[in-house]
Structures are given as C-alpha cells and as structure tokens.
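Structure first, commentary second.
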Amino acid sequence: MKGFKVQSYQNLLESVGSVKRENLFGFLGKVQDTFGYVPREVVCDLAARTGISEARIYGALTSYRDFKVEAEASG
Amino acid sequence: MKENKVLTQRVGKYKPLDLKAYQAMGGFKGLRRALSMTVESVIEEIRRSGLTGRGGAGFPTGLKWASAAQDKQGPKYFICNADEGELGTFKDKVLLDGDPWAVLEGMLIAACAIGAEQAYIYIKGEYDKTAELWEKLAGEAEKANLLGDGILGSGFSVNLQVVRGRGPYVAGEEFALISSLEACRAMSRLKPPYPTEKGLFGRPTVVNNVETIANVPMILANGIEKYLSLGVEGEPGTRLFSLSGDVKRPGVYELEMGAGTLEELINEFGQGTKNGRPVKAVQPGGGTSALLSRDSLGCRLTAKAISEAGSGIGTAGVIVYEEGKSAIDIVKGLMEFYGVESCGRCAPCRIGVVRMKEIVDNLSCGKGTAKGLTQLREIGKVCVATATCGMGQAFPLPVLSALELFGEDFEMAVQESSV
C-alpha cells in the first residue's frame, strides 16, 4: 500500500543529498514511484528548495501522463 | 544477406552488471584511448568517422560535439536520449539492456570530449526495468571510478543521472527532452538557437541517441579505418533495424549499411509476411516516415536510397503492411497515436493533427467527402512546412504518401460514403 509518509519523504531527500533544478525532474519521479503520486506538501517543499514556483511545478506535473497529483482511490 | 553484429556483438554475452566481463571483452579500451588524447582530436576522429545520429534526424555526430565544445566557460551537459518513442522502433532497448557498459562508455567519451561534467540518460517511462538496471549500473560505475571526480585517474569528472520519462511521446524530441529535464512541460522550441548553443538551463548541450553513442567506443578503440570499412561510401557502419508489422519474425537485426534490400530484410529476416500475402506498403523509418509501395521493395538499405525512393531511414524502424487492408486503416492506426501526442507548442501541429485524425476517422467509418481529401492534403502540407519540431513536420508524411500511392483506397472510401 502506497501513501504519503513524511518520514519516507525525508529519507528520499537524504538519499539524493540535495534537490536542485538540475535533478528536480528525476526527484519528482522518485516521489511518484515511492508514493504513487506527488503530494501537494511535496510540491510546496520542492518549490521552496529549488526556487521554482509551485504553479510551475504543478503545471508541469499535470502535463505528464505518468505523474499523478492525487492519491489513487483505494478499491 | 547476413547480419553483421558489431554493435550487438556483446549482447547476451555477459550479465548486464558484470563490469569485469565487459572489460575482458575489450571494454573501456575506447575510453582509455580517448582520455589519452586531446579533446579536439577525439572530436575530429568522430567527425572523420562519418558517424551520424541514429535517432531519426541523422545529423553528423562530430559536428554536434564540435559545436558544443566551442563554449569553454561554465557548465555544459550531455544527454543520452533513451526515450525511444517512435512507433515500430525498439532497437535502443537491446543495447540498454544487453550491452549497457558500451553505452555508458560512449557517454563518458562524449561528455569528456565536449567538456560536460553532468550527464543524463533519459529512459523511456515504459522501460522501467531498464531504468532500474541503469540505476544499479551507475552505482557500480561510481565504485569503479568510472563516474565521479577524476574518472580513471584522469582530469575529467562526469556525474550521471538516470532519469525516467513520464509518458509523452514528444519528449524524445531533443528540445522537448531538455524542457522535461528542466522540470517543465515536454515542449519543443524554435531553432536556432540549437541545443549545442543554448540547451539545458540555457547552456550548451549535446543530445545523442543510444545507438549513436554505442558506436563511439568502437570507433575510438579500433580506429576510423576499421569503422569506415563497414557500410557504403558516405554511410559507414551498421544500423539496427527494428522489423515489425505483418512479418512472421519481427525483431532487431543489425545490418551493414547497404547490405541488402528492403525485400531481403522482410523475406530473409522477417521470414515473409504474416499471412503470406504480398506486401502492400512499408514504412522504412518508423511511424512518421512516408509509406513506400511494393514497387520500392528493391530499395537498398541506405539512407540515400531510401530517401530517393521517397521516404526516410529515420530510426530504421521498418513497419510492414501486407495486402488485405486499406491504406486508410494503416494511416488511421498512426493518426490515433499521433493525434493525442502533439505537445501543443505550435498551431500547425496542435490543430492539424486533430483535424487530420478527424478526417481519417470519418473516411474509415463511411463519412468521407471529396472535400475532406483535399483538406487532408492541404493541412498535411502546411504542417510539414511550418511545424516547429520533427514531430509536426513528419507525422503527416505517412498520410500524404498514402494519398499519393493508394489514392484509389481513399477515392473508394469517399464513393462508398456518398452512396
């Protein structure tokens, strides 16, 4: 069962060292693969870390078929 | 006609993560030699080898590198384009899974030659197992001092990021891929400036296809003469042909340039058409290449011969269609795919692809009109002439060529509609 956990997000952050614009796309992918979606909190946090606006990140995410911004309903 | 396994010689011969086995087969000879040469002479060797891009556009690799190498200040980037999205093309996967160290070696040579300290490999989203393999490979390479600071004791530093694509077809286009790595929407841009001048984060960037880059180690390890002895004048080396469609034995076959004809490829390697019917049409260079009719089957497998026949070698993804289906069915399948893949950056493609898909759909369900055929031609021509990127300029080609070669199929559909 996937789902957002702050602790796992922090572990993920540690595993890549730091998130900059150079590795943002790859990191968003890791978030997607770990939680099954990219939570709102993560977008806020990454915007603060990279200096790229939340709107830009959200806009990009929603243009990709394989990125989700909401958790999938559990059946 | 025989396969000549040069690029694929090691595929299946070692476990993908086994670096020692790769080295035992002569691996990293090319990189070691490159590190002992000046960057200018490495680029000059690649230029003289006549290596051209294998991702579709066929641009000379040496020129690309030379252009990016000119800028001596600030960061530069090297990207290996493994977002193999073109319809009917699956050759890069063979190298990525079967001989990944050779691809990495080529990437390292390229990154050092152009002066890029950050390299990326952008792997198609659907190739998730391949991406996992490459994550592990990057770890192994770091341990072996092939990545990181001062690779193999030289003055060059290269870091690698393995990135998975997230869906869009157009991300395989170099500028769309760059936008994607910038965490933006995967959209193409107007050229010039080219990526080698202003690419990733506004810095010089070289984007090379997997197969292109897999050629590099062997050119440097064995010398240009040996490489030039393969293939034909002006088109040295081998190509990986992805054969698919209505053939008995689809697959990836490595052939020397000009080693045979389309017909030989279909009959000898593909073992003929699926139902034994004659061939109706062939797309020799992936889903966006113009159709060739049966009359062109004698065409030799070189970029020159195929373009003279009226199509393009593109990604060398040969898609075969046998008799028994209408040309409308062929283009309908293609338009269903491209119809949803336009990035929306430029109007001709954004609007044109939807209109063309509509007209083709109408034709296929008995609602075609003569006016529709005229519009199909006109919209297609406008797209080819005015779209920003390779996708918009190329997706109408199969439709336009089908109208020309199989006009009677379309006329018949119109007549049946008006009854």
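Inspect segment B:148-165 for any residue being part of a helix (DSSP H, G or I) and under 20 Å from the mean Cα position of the chain (by Cα) and give the result as yes or no.
no
Need the failing condition index for B:G324 against (1) crowded, with 17+ Cβ neighbours inside 10 Å; (2) touching a residue at least 24 places away in the same chain (Cβ under 8 Å), just the number.
It fails just one condition, (1).
If I ask for residues that are surrounded by 22 or more Cβ atoms within 10 Å (Cβ to Cβ) and in contact with a Lys or Arg (Cβ under 9 Å, 6 or more places away or on another chain), which ones from segment B:63-90 would you list?
Within segment B:63-90, B:W65, B:A68, B:K76, B:Y77, B:A82, B:D83, B:E84, B:G85 qualify.
Filter the helices (runs of 4 or more DSSP H) completely within segment A:11-75 down to those with at least 2 residues that are within 13 Å of chain B (Cβ to nearest Cβ) and exposed (fewer than 15 other Cβ atoms within 10 Å of the Cβ).
In segment A:11-75, A:54-63 are the helices (runs of 4 or more DSSP H) which contain 2 or more residues that are within 13 Å of chain B (Cβ to nearest Cβ) and exposed (fewer than 15 other Cβ atoms within 10 Å of the Cβ).
Restricting to segment B:15-55, and then to whatever is hydroxyl-bearing (S, T, Y) and outside any loop (DSSP other than H, G, I, E, B), can you tell me which residue is nearest to B:L255 (Cα to Cα)?
Checking each candidate, the answer is B:T52.
Can you pull out the residues in segment B:149-178 that are surrounded by fewer than 20 Cβ atoms within 10 Å (Cβ to Cβ), within 13 Å of chain A (Cβ to nearest Cβ) and among the small types (G, A, S)?
Hit for segment B:149-178 is B:G167, nothing else.
Do we find a residue being closer than 27 Å to B:G344 by Cα, in the same structural domain as B:P204 (by TED's automatic domain parsing) and of a type in the set (D, E, K, R) anywhere in segment B:110-124?
The answer is yes, given that some residue of segment B:110-124 is closer than 27 Å to B:G344 by Cα, in the same structural domain as B:P204 (by TED's automatic domain parsing) and of a type in the set (D, E, K, R).
Assigned to a loop (DSSP other than H, G, I, E, B) and either in contact with a helix residue (DSSP H, G or I) (Cβ under 6 Å, 6 or more places away or on another chain) or on the phi < 0 side of the Ramachandran plot (or both): is that true of B:E341 in this structure?
Against the criterion (assigned to a loop (DSSP other than H, G, I, E, B) and either in contact with a helix residue (DSSP H, G or I) (Cβ under 6 Å, 6 or more places away or on another chain) or on the phi < 0 side of the Ramachandran plot (or both)), B:E341 qualifies.
Being among the aliphatic types (A, V, I, L, M), closer than 18 Å to B:L137 by Cα and in a helix (DSSP H, G or I) is the filter here; which residues of segment B:64-109 pass it?
Across segment B:64-109, the qualifying residues are B:V94, B:L95, B:L96, B:A102, B:V103, B:L104, B:M107, B:L108, B:I109.
Scan segment B:260-273 and give yes if some residue there is part of a loop (DSSP other than H, G, I, E, B) and under 17 Å from B:A305 (Cα atoms), otherwise no.
Let us first name the residues in segment B:260-273 that are part of a loop (DSSP other than H, G, I, E, B), namely B:260, B:270-272.
Then drop every residue that is not under 17 Å from B:A305 (Cα atoms), which leaves B:260.
Scanning segment B:260-273 turns up at least one residue that is part of a loop (DSSP other than H, G, I, E, B) and under 17 Å from B:A305 (Cα atoms).
Pull up segment B:126-137, narrow it to residues that are surrounded by fewer than 20 Cβ atoms within 10 Å (Cβ to Cβ) and within 11 Å of chain A (Cβ to nearest Cβ), then point me to the one that is nearest to B:F78 (Cα to Cα).
Step one: list which residues in segment B:126-137 are surrounded by fewer than 20 Cβ atoms within 10 Å (Cβ to Cβ), which gives B:126, B:128-129, B:132-133, B:135-136.
Cutting the leftovers down to within 11 Å of chain A (Cβ to nearest Cβ) gives us B:126, B:128, B:132, B:135.
Values: B:E126: 22, B:D128: 22, B:E132: 20, B:E135: 17 Å.
That would be B:E135.
Return the pairs, sorted by first residue and then second, in which the second residue is of a type in the set (D, E, K, R) and at pLDDT 95 or above, the first residue lies in segment B:66-83 and is farther than 12 Å from B:V163 by Cβ, the beta carbons are less than 6 Å apart, and the residues are 6+ apart or on different chains.
B:P75/B:R203; B:K76/B:R203
Which count do you get for residues in segment B:179-207 that are assigned to a loop (DSSP other than H, G, I, E, B) and within 14 Å of chain A (Cβ to nearest Cβ)?
Summing the residues that are assigned to a loop (DSSP other than H, G, I, E, B) and within 14 Å of chain A (Cβ to nearest Cβ) in segment B:179-207 gives 9.
Taking segment B:208-245 on its own, how many of its residues are touching a residue at least 60 places away in the same chain (Cβ under 8 Å) and in a loop (DSSP other than H, G, I, E, B)?
3
Of everything in segment B:295-311 that's without any contact (Cβ under 8 Å) to a residue 60 or more places away in the chain and assigned to a loop (DSSP other than H, G, I, E, B), which residue is surrounded by the fewest Cβ atoms within 10 Å (Cβ to Cβ)?
Step by step, filter segment B:295-311, then rank; the result is B:G298.
Which residue, of B:V11, B:V6, is assigned to a loop (DSSP other than H, G, I, E, B) and either within 23 Å of B:K136 (Cβ to Cβ) or aromatic (F, W, Y) (or both)? If you could, list the steps in order and put the result at the bottom.
Values: B:V6 fails: either within 23 Å of B:K136 (Cβ to Cβ) or aromatic (F, W, Y) (or both).
Just one listed residue meets the conditions, B:V11.
What are the residues in segment B:180-221 that are under 22 Å from A:K20 (Cα atoms) and small (G, A, S), if any? Don't jump to the end; show me each part of the working.
Going residue by residue through segment B:180-221, those that are under 22 Å from A:K20 (Cα atoms) are B:180-187, B:195, B:198-207.
Hits for segment B:180-221 are B:S180, B:A183, B:A186, B:G199, B:G202.
Here are some conditions: (1) of a type outside the set (A, V, I, L, M, F, W, C); (2) crowded, with 20+ Cβ neighbours inside 10 Å; (3) closer than 22 Å to B:G317 by Cβ. B:E105 meets all but one. Which one does it not meet?
All conditions pass for B:E105, except number (3).
The values are calculated or read from the model by the stated rules, or taken from the named source; none is laboratory data. Computed from a prediction, not measured in an experiment: that's the story for all the values here. FYI the Cβ positions are ideal-geometry reconstructions off the backbone, even for glycines, and counts take in every protein chain you see.
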